Amino acid sequence: MPRILDGVAIAAAIKQEVAEEVKLLIAQGIRPGLAAVLVGNVAASEIYVRNKVTSCAGLGIFSEQIAPPASVTTEEMLALVAQLNAREEIDGILIQLPLPAQVDTKALLDAVSPAKDVDGFHPINAGRLQANRPALAPCTPAGIIEILKRSGIPISGQHAVVVGRSDIVGKPAAMLLLHQNATVTICHSKTRDLGAITRQADILVAAIGRPGFITPEMVKPGATIIDVGINRLTDRAGFDRFFAGNAKREASFLKRGSTLVGDVDPKAFELAGAYTPVPGGVGPLTIAMLMANTLRAAKMRRGIQ
Ligand code: GUN
């Protein structure tokens, strides 16, 4: 039986550590603060941002949610970011993506002060990460490393295959794994004979954004699988494709009208030595690492070790 890597428990441990450090800072008169910017009414984004703000409250971190309308312009967003960059009580600025089409997302991310860039999306932080210098690293990739380390899964010398090359997950995950001395291969939509490469993976990171994309034939038995995908299935055919005969999932699917599947076909997990489930794997780490980055940004900006 494969080992299930419990992201909820690992995230809780990290949050506990952050809360203890926040308490020490507060005793010195410093309260870390996060500004979360949520544009418009994208349902998934609303849930993510609510979870981020709630997490802050639980850890003693000040937070502020700013909600410009869906019609906001790039210029208005740039003015907002400039204000947040200048505010002393704000240590971290999070702009929830995706943004409406009329907003120039790259211009906006480039305008966030690198010192307050708790998502690690600014090119300065991407460059620092690449050069293995102290940097605010993107939360989901940083969470992947925490899951592996805290689960005692060796990284050094292992072949890590990352499927997906996004700036948010694939590329930074590959860089962090490389800095942990993994042998790293990055695959993407144009990769030829993908299965031949993923079958070499000791650590397989799936960050493609397509439900159940990684099938059992693509997995080396005993591999560690990190599933970054969060795909919502709402139709019966989709449910049956992955979860037919799974009574517990079916009850939840019938009650909610949907269920989540990652980028890995659940049948592929059966071959793994260890894997992160969906939900309850990588997802909770993204928020925990955002909290850790906000604490880190608060300390770095004040020159505290
Ligand atoms: N949208 C999806 N994932 C993320 C994330 O990690 N950060 C932000 N800001 N937006 C997202």
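Here are some notes:
- Sorted from longest to shortest, the spans of the Cα atoms of the chain along the three principal axes equal 52, 42, 37 Å.
- Helices meeting the span-like rule in the chain (full DSSP H runs, Cα extent of at least 27 Å along the helix axis, mean Kyte-Doolittle score of 0.0 or higher): 7-27, 283-301.
- For the chain, calculated [θ]222 nm from helices alone, where every DSSP H run of n ≥ 4 adds -39500 (n - 2.57): -13500 deg cm²/dmol
- Hydrodynamic radius of the stretch 260-305 by the Kirkwood approach over all distinct alpha-carbon pairs: 13.0 Å.
- Cα shape, the stretch 1-49, gyration tensor, a/c 1.5 rule: oblate
- Relative packing of peptides 75-82, 5-12, 198-205 - highest average C-beta neighbours within 10 Å first: 198-205, 5-12, 75-82
- Debye equation applied to the C-alpha atoms of the stretch 128-254, log10 I(q)/I(0) at 0.10, 0.12 Å⁻¹: -0.36, -0.50
- For the stretch 269-286 versus the stretch 161-213, the inter-centroid distance based on Cα atoms is 15 Å.
- Value of D in µm² per second that Stokes-Einstein yields for the stretch 97-171, Kirkwood Rh from Cα pairs, at 25 °C (0.890 mPa s): 176
- Pair-distance profile P(r), taking every C-alpha pair of the stretch 33-173, with 10 angstrom steps and integer %: 11, 37, 36, 13, 3
- Partner aspartates and glutamates whose Cα lies under 18 Å from the Cα of K106, excluding those fewer than 8 positions away in the same chain, are identified as E75, E76, D117, D119, D167.
- Most to least packed among 215-228, 274-287 [average Cβ atoms within 10 Å]: 274-287, 215-228
- Cross-link pairs K15/K220; K171/K248; K171/K255; K149/K299 - those with Cα-Cα distance over 26 Å: K15/K220; K171/K248; K171/K255
- Pairwise Cα distances in the stretch 1-93 exceed 18 Å in 57 percent of cases.
- Backbone N under 15 Å from the N181 label point (7 Å along Cα→Cβ), restricted to the stretch 149-167: 149, 153-160
- All C-alpha to C-alpha distances of the stretch 195-305, sorted into 10 Å bins beginning at zero, yield P(r) values of 14, 37, 26, 15, 7, 1 percent in whole numbers.
- Remark: the stretch 128-173 is approximated by an ellipsoid whose semi-axes, taken from the C-alpha gyration tensor as √(5λ), come to 18, 14, 11 Å, largest first.
Read the figures in this text as sums done on the coordinates, not as results from a lab. Worth saying up front: this structure is predicted, and the values here are computed from it rather than measured. Note: ideal-geometry Cβ built from the backbone for every residue, glycine included; neighbour counts use all protein chains shown.
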